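Read the structure below first, then the notes.
The values are calculated or read from the model by the stated rules, or taken from the named source; none is laboratory data. Note that the structure is predicted; figures quoted are calculated from it, not measured. Using ideal geometry, Cβ is built from the backbone for each residue, glycine included, and neighbour counts are taken over all protein chains shown. These accessible areas exclude ligands, DNA and RNA; they are computed on the full protein's heavy atoms, side chains included. Shrake-Rupley method; radii C 1.70, N 1.55, O 1.52, S 1.80 Å.
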Amino acid sequence: MTAPLQIGLALGSVAVLLGVMALVRRLAGVWQIGAEVQRKLVHIATGLYALTLPWLFPDRWPVYVLVAVTLVVMLVLRRPGSRLGQTLHGVERTSYGDLLLALSVGVCLFLSGDEPYLYVLPMAVLTLADAAAALAGSTYGTRFFKIEEGRKSVEGSVVFFTVTLLIAILCLMLMTPFPPPNIIVIALMVAGFGTLVEAASWRGFDNLFLPLGLLTFLSVHAASPLGDLLWLAAVFAASLVAFRLIAPRIGLTHHASHVYVTTVFLLLATVEVHNAIIPILVLAAHAFSRSAAPCRGKYPDLDIVAGLALVSFGWLTLGNATGWNAVTFYGLTAMGMTLALCALALAARPVAVRGGLLLLVAGGLCVIYAVAFGLNPDASNWNGPMWPAVVASVLLSGLTPSLIPVAFGASRVTKVTLMSLAIPVTTYLAAIGFAA
């Protein structure tokens, strides 16, 4: 297939998506279809089409063009007064699901590489299990649990687990050489992990966290021996119980505790333990700053998880895209986030006390960074220890919140994340440019 034909197919795909939305909107007016069902119908149609992309396009780049154009179109449809946009945004709650779905298609296709099941299984779960759970919960749900501003049903979660288990078994049997016992254990873990992610997600973030979380988990652990898989399942179950017991003592809601345990488990399941310590400390530093210096965010516990997850997936994608391992830059970013949150928590202390405590925190983070650097293989340490960048990041992330804490009263996580990314991203781009 020629390049112009592939571009035409990509643009035609966007036109078809708009046509589906218009059709659903028209049928909704005739048959009185509710906003939630309209949104899920478009979701299913989009997801089913997305499953064909690896075979529909001989090259990957037209798919990325398709994703980019779709994102622009979705942004345009978010304008107030867009009748077609009401097909997706007619629900009362705030949701970014349409944008995150398009983004996850492109990222999952890119990260799956030459392993089709790494793309098909997560996208099939997102398309079918998520829609089945939403429709079952809204129709038959009688027992509910709270998430952020809304609620989800136990019945919906049960349906999600069942459908995901069947999808996982089918995909793994047809698309992998794994032995049957391994397939059963992997499928159960995918269903359990996926159900927790879906149940704990908010504002449509499951459209990103669910497929990327499943893809990352499968890419790291799917080929593991059966004993390792069973041990990992036991650790996951123990983590759930532990967070359930600890959450009330540190002021976390049940919803936030589920989000935290999912995040921690995914970190430990995808990177070496020494590389996960500082990212996990981001969550601890947030708990400290939230109690010592509350921000004006409505759901700060969920905001920090979203920020950390986006940073994690972002560095993973960037490292794969360039071919230059980004794990040490990821650690540097997490170090900046941890220090900035601690600085905000200590902002009300006397200057001398605040400075001394921040020096201790910065020193401890540098020690952990040095240990992680020493344990990483040479491929991860290709740019050296980067101590000038470490010092610059420590100064930026430590001093800025200390000097102007009032600037972080609103949109705290967004500002802390962007500030912490500034030096690592600049250093990374300069390093790969110099190496090339």
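Annotation for the stretch 267-274: at least one member residue is in a loop (DSSP other than H, G, I, E, B), open to solvent by less than 50 Å² (accessible area, probe 1.4 Å) and within 25 Å of Ser257 (Cα to Cα).
Just so you know, in the stretch 125-158 the residues that are assigned to a helix (DSSP H, G or I), among the β-branched types (Val, Ile, Thr) and modelled with pLDDT under 90 include one that is nearest to Ser257 (Cα to Cα), and it is Val154. Any residue at all in the stretch 181-196 that's touching a helix residue (DSSP H, G or I) at 6+ places or on another chain (Cβ under 8 Å) and aromatic (Phe, Trp, Tyr)? For the stretch 181-196, residues touching a helix residue (DSSP H, G or I) at 6+ places or on another chain (Cβ under 8 Å) and aromatic (Phe, Trp, Tyr): present. Looking only at residues in the stretch 172-190 that are under 21 Å from Ala50 (Cβ atoms) and buried (at least 18 other Cβ atoms within 10 Å of the Cβ), the one that is farthest from the chain's Cα centre (by Cα) is Thr176.
Of the helices (runs of 4 or more DSSP H) entirely within the stretch 30-113, those holding at least 2 residues that are modelled with pLDDT under 80 and over 15 Å from Pro211 (Cα atoms) occupy 35-51, 61-77, 86-89.
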